Amino acid sequence: MVTALTLGACGGGSGGGGGADPLAANTTAPKLAACPAEGHMDTLGVRGLTPTEIANLPITYTFLHVAPDQCTPSRFNPCEPVHFIQNGAAAPSFVVENVREAFKRLGQTTGITFIDDGLTDENARRGPYVPERYPGRWAPILIVWEHFPPEQTSGQSQILGNTQPMRVDEVNVSARLRFNVDAYNDESTKAPIGDGFGPPAGSGTGPIGRNNITWGRIILHELAHVVGLGHTREEGSLMYPDAAQQTIRPTGFSKSDLAGLQYLGAAAGCVKSPPLPAS
């Protein structure tokens, strides 16, 4: 299962709201639903979507994967720490820090403890259990910065990043994320995507546009996929599939995003972590 965040010029959608505090807790959330996934499934899958497909997504939060009961979203066990590691050899140093900040924000929002395992030369992942590198545990979430193929790094629909969640027994245990170090914003200048989590609040109300996409926005979107959140047709949500058409300022989770994340983190209680494969 792979998800892609595109940098396109798609129209349509629901219209969007303004910014939200990216570190805000969802303190006004209603009582958790007995069947969280009812009406909240991303049935289109985790890939680049056309404008017509985006328009058919739910207007609220969605979940990427749901258990056979059609009610329970797959997620990490929030009662155990989740590790991550980065291969940043091909990337500017600031993106490594953007990843760390994004995990910090996600942890504060979900109540999951994310642990930074530093840097690695690992660039591929055959599955969630890699005992020769990470004995006695599930492999950490792997973030790789790399050069994407030319056809994915040009024009209005270049691919900024994609994510492969890894599950065992309907429980998330790891993931691999790939980010395109050659991605750019403005089509005429090919200016590289910049640092941080902008644009600032008060900079407008419509779509942020290509020139205002930053790596922090892209990373936080993909990490939300890692913990189980899907796409929405709400342009005021960080989970809208077309980054340039998002309206949320600065980068952060919307009220709808927060409502979905409460079912994927500590507020929803512990889940049983699956046992490691027999060695």
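Quick check for the chain: number of Lys pairs with alpha-carbon distance under 28 Å, counting only pairs 8 or more apart or on different chains?
Summing the qualifying lysine pairs gives 5.
Only bridges with both residues in the chain count here: give the DSSP antiparallel percent, nearest 5. Mind dumping the intermediate values first?
Working: 16 of 33 bridges.
So the antiparallel bridges amount to about 50 percent of the total.
List the residues whose amide H sits under 5 Å from the amide H of Val144, counting only those 5 or more places along or on another chain, with H placed 1.01 Å from N in the peptide plane.
Asn87, Leu177, Arg178, Phe179
Quick check: residue separation of Glu146 and Asp116 times 0.36 nm, minus the Cα distance between them. What number comes out in nm? Each step should come with its number before you reach the end.
Numbers: separation 30, 0.36 × 30 = 10.80 nm, distance 1.99 nm.
Value of the extension gain: 8.8 nm.
Please return the longest stretch of the chain lacking exposed loop sites, where GluC sites (Glu not before Pro) count only if DSSP places them in a loop and at most 11 other Cβ atoms lie within 10 Å. Could the numbers behind the result be given before it?
Working: sites that count: Glu38, Glu132.
For GluC sites (Glu not before Pro) (loop position, at most 11 other Cβ atoms within 10 Å), the longest site-free span of the chain is 133-279.
Taking θ as phi - 60°, what are the ³J(HN,Hα) couplings along the range 65-75 by the Karplus curve (6.51, -1.76, 1.60), each to the nearest whole Hz, with x for Gly and Pro?
Karplus-based 3J(HN,Hα) across the range 65-75 equals 9, 10, 5, x, 6, 6, 10, 9, x, 6, 7 Hz.
Could you work out the local net charge near Pro58, counting Lys and Arg as +1, Asp and Glu as -1, over the other residues with Cβ closer than 15 Å to its Cβ?
Working: positive: Arg233, Lys255; negative: Glu38, Asp42, Glu53, Glu234, Glu235, Asp257.
Here the charged neighbours net out to -4.
When the gyration tensor of the chain is built from Cα positions, what are the square roots of 5 times its three eigenvalues, in whole Å, from largest to smallest? Don't jump to the answer; show the numbers that get you there.
Details: eigenvalues 143, 109, 56 Å².
Equivalent-ellipsoid dimensions as semi-axes: 27, 23, 17 Å.
Where Rh is the Kirkwood radius over the Cα pairs of the range 116-245, the temperature 20 °C and the viscosity 1.002 mPa s, what D in µm²/s does Stokes-Einstein return? The partial results should precede the final answer.
Details: Rh = 16.2 Å.
Diffusion coefficient, whole number: 132 µm²/s.
Just grab the label-to-label distance for Cys270 and Glu132, each label 7 Å out from Cα along the Cβ direction, in nm (one decimal).
Here the answer is 3.4 nm between the modelled labels.
What size of dipole, in debye to the nearest 20, comes out for the chain about its Cα centre when the only charges are +1 on Lys and Arg C-beta atoms and -1 on Asp and Glu C-beta atoms? Intermediate results must be reported in sequence, preceding the final value.
Values: 20 positive and 26 negative charges, 68 e Å.
Here the size comes out at about 320 debye.
Cα centroid distance between the range 192-249 and the range 31-75, in Å?
Comparing the Cα centres of the range 192-249 and the range 31-75, I get a distance of 19 Å.
Given H placed on each backbone N at 1.01 Å, which residues far from Val82 in sequence or on other chains put an amide H within less than 5 Å of it?
Amide H neighbours of Val82, under 5 Å, 5+ apart: Thr113, Phe114, Ile115.
Under a 5 Å amide H to amide H cut-off, with H placed in plane at 1.01 Å, what residues pair with Leu229 once short-range neighbours are removed?
Leu64
Over the range 158-234, how many percent of alpha carbon pairs lie in each 10 Å bin up to the one with the longest distance?
Going out from 0 Å in 10 Å bins, the range 158-234 shows 16, 41, 31, 10, 2 percent.
Quick one: net charge around Ala175, please, counting Lys, Arg +1 and Asp, Glu -1 for every other residue with C-beta under 14 Å from its C-beta. Before the final figure, lay out the partial values.
Working: positive: Arg75, Arg125, Arg126, Arg167, Arg176, Arg178; negative: Asp117, Glu122, Glu222.
Surrounding charge for Ala175 is +3.
Read-outs: derived from the displayed coordinates by stated rules, not from any lab. Model, not experiment: these values are computed from the prediction. All Cβ positions, even for glycine, are placed from backbone atoms using ideal geometry, and neighbour counts span all protein chains on display.
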